[in-house]
Every structure is written in structure tokens, then in C-alpha cells.
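One structure below.
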Amino acid sequence: QFTPTLVNSGGVAVDAYTAAVGAYVRVGARVHCHGYIIANGISNLGSGNAILLGGFPFDNVAVTNGHAALSITYASNMNITAGHSCGGFLGPNSTNATVQLWDSAVGTTNMTFGELSADGGFMFSISYNAV
């Protein structure tokens, strides 16, 4: 088990969660994680700050362009346009995944806390190689 967190790009974390549950299995260097997280108030984080999903149990490998894809399979109480979807990536040498929104003609942009909303949340999964 691990406890996922939501942090803004300045390093400030959500104070409270309605749900923050994560599970993982490590087989050799490969880590498989999934979880469910719902914020319980985000007023202290700034609506324009990017969302980082953190708390993963091990750092991702420190390999140039060694990103791992974050899958968001369910979301509720979001403040996004219908038809947009969420995803993200875990960068090299990190335990914080950047949450992205498919809202641009050329790809994704950083999802912000204003797009999450005060009681927004999602289910996620990711597989990556640990340090």
C-alpha cells in the first residue's frame, strides 16, 4: 500500500482527502500501481497551478526520456469541458506524475487545480521501472 498525494507545481499539498488509497506490486525493477484519490478542498493551492500526483513508492529510473504513462480511467466532479480526457506521465527520477488534460489541438496541457475542483477525484494506474 501507499498513500497518493496531490501537490501543486510549487510543492504545496492538498490538506485533506475524501479518498487517498494506492496499492502496488513490485516485480524486479517493474512497479505496477493503481489508486483512487479525491481532494477535499483545494483553496490553498491556486487554481492555475499544475497538478502533480505523488506518493509513488519508488523513484522512476533516471534515464533520459524514461517517462512512464499515467492512465486515468475514471474521474468525477471535474471542472473540464465535456469530451476532454485526463492522463499524464511520470518523469525520470521522480515519484510525482504530471497530470495532463487532452484539451489542445496539438496534444496535452498541464491540468490545473481549477480544472480538478474542490471535490474532484480520479482513479489511476501506472507501470514504471524503479531505481
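The values are calculated or read from the model by the stated rules, or taken from the named source; none is laboratory data. Bear in mind that the values here come from a model prediction, so they are computed numbers and not experimental data. Because the Cβ atoms are built from the backbone with ideal geometry, glycine has one as well, and the counts that use them run over all protein chains shown. Heavy atoms of the whole protein, side chains included, go into the accessibility calculation; ligands, DNA and RNA do not. Shrake-Rupley method; radii C 1.70, N 1.55, O 1.52, S 1.80 Å.
Observations
- For the range 1-102, accessible area per residue (1.4 Å probe, heavy atoms of protein chains only), Å²: 50
- Inter-label distance for A69 and A16, nm, one decimal - labels placed 7 Å from Cα along Cα-to-Cβ: 3.7
- Atom-type composition of the exposed protein surface of the chain places 52 percent of the accessible area on carbon and sulfur (1.4 angstrom probe).
- For the pair F58 and W102 in one chain, pulling the backbone fully straight at 0.36 nm per residue adds 13.1 nm over the alpha carbon distance.
- Here the relative contact order of the range 69-131, from alpha carbon pairs under 8 Å that lie six or more residues apart, stands at 44 percent.
- The chain: C-alpha gyration tensor shape, a/c 1.5 cut-off, then a/b vs b/c: prolate
- Cα centroids of the range 85-131 and the range 1-71: 9 Å apart.
- Where labels lie 7 Å past Cα in the beta-carbon direction, separation of A130 and S85 in nm: 2.9
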